[in-house]
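The values are calculated or read from the model by the stated rules, or taken from the named source; none is laboratory data. Note that the coordinates shown come from a computational prediction; the quantities given were computed from them, not determined experimentally. So basically every Cβ, Gly included, is an ideal-geometry build from the backbone, and we count neighbours across all protein chains shown. Calculation scope for accessible area: heavy atoms of the full protein, side chains included, ligands and nucleic acids excluded. Shrake-Rupley method; radii C 1.70, N 1.55, O 1.52, S 1.80 Å.
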Amino acid sequence: MKILVINGPNINMLGIREVNIYGSDNYEKLLDILVKTANEENIELEHFQSNHEGAIVDKIQEAYKKFDGIVINPAAYTHTSIAILDALKAVSLPTVEVHISKVSDREDFRQVNFIRDYAIKSFEGLGISGYKEAIIYIKNYLKEQE
């Protein structure tokens with residue numbers, strides 16, 4: 001089973017940016033959680049992070065017929081990117097959305113979410129541990145589809 005984890009803009013700045021919202025865990029800790037979860041769950045996992053919308057779209061397109069599912073935190077692009085949504089629809093891979101903060105309780109402009117209606121599940125407000133939850137969820141979902 002191969003899962004692609006995609007992170008959008010500023011996720012690489014975890015532990016530095018808005019610690020009161022995103023917590024003090026840094027990006028390296030997030031990567032450690034991804035590796036540990038992949039090992040514990042016996043799945044192949046690739047991680048990708050970009051601050052550029054087009055690079056994220058390209059990575060999603062590259063996932064076609066190479067991955068079984070996607071876990072994505074589009075970050076700020078959640079609220080603005082129809083291109084990312086269209087790429088996810090094009091590759092038609094099961095997708096789980098994850099957000100470190102509880103975006104549904106935040107600013108008005110964050111209430112627009114182009115990914116949520118497409119995703120099979122969304123996790124938010126669990127900090128970086130939400131990634132583990134998302135990976136386990138998509139693994140179980142994929143096993144049920146076999």
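Quick notes on this structure:
- The set of residues in segment 48-62 being in a helix (DSSP H, G or I), in contact (Cβ under 8 Å) with a residue 40 or more places away in the chain and open to solvent by less than 30 Å² (accessible area, probe 1.4 Å) consists of Ile56, Ile60.
- Checking Leu45 against (1) assigned to a helix (DSSP H, G or I); (2) closer than 16 Å to Ile136 by Cβ; (3) open to solvent by 40 Å² or more (accessible area, probe 1.4 Å), the condition it does not meet: (1)
- Residue check for Tyr137: more than 14 Å from the chain's Cα centre (by Cα), farther than 20 Å from Arg17 by Cβ and surrounded by fewer than 21 Cβ atoms within 10 Å (Cβ to Cβ): no
- Output for segment 10-42, where each listed residue is closer than 17 Å to Ile70 by Cα and in a loop (DSSP other than H, G, I, E, B): Asn42
- Selected residue (only one of Leu93, Leu126 is closer than 23 Å to Asn26 by Cα, in a loop (DSSP other than H, G, I, E, B) and of a type in the set (A, V, I, L, M)): Leu126
- Qualifying residue in segment 80-88 (condition: over 19 Å from Asn12 (Cβ atoms), touching a residue at least 40 places away in the same chain (Cβ under 8 Å) and surrounded by 15 or more Cβ atoms within 10 Å (Cβ to Cβ)): no
- Condition broken by Gly125, with the remaining ones in (1) in contact with a Lys or Arg (Cβ under 6 Å, 6 or more places away or on another chain); (2) at pLDDT 95 or above satisfied: (2)
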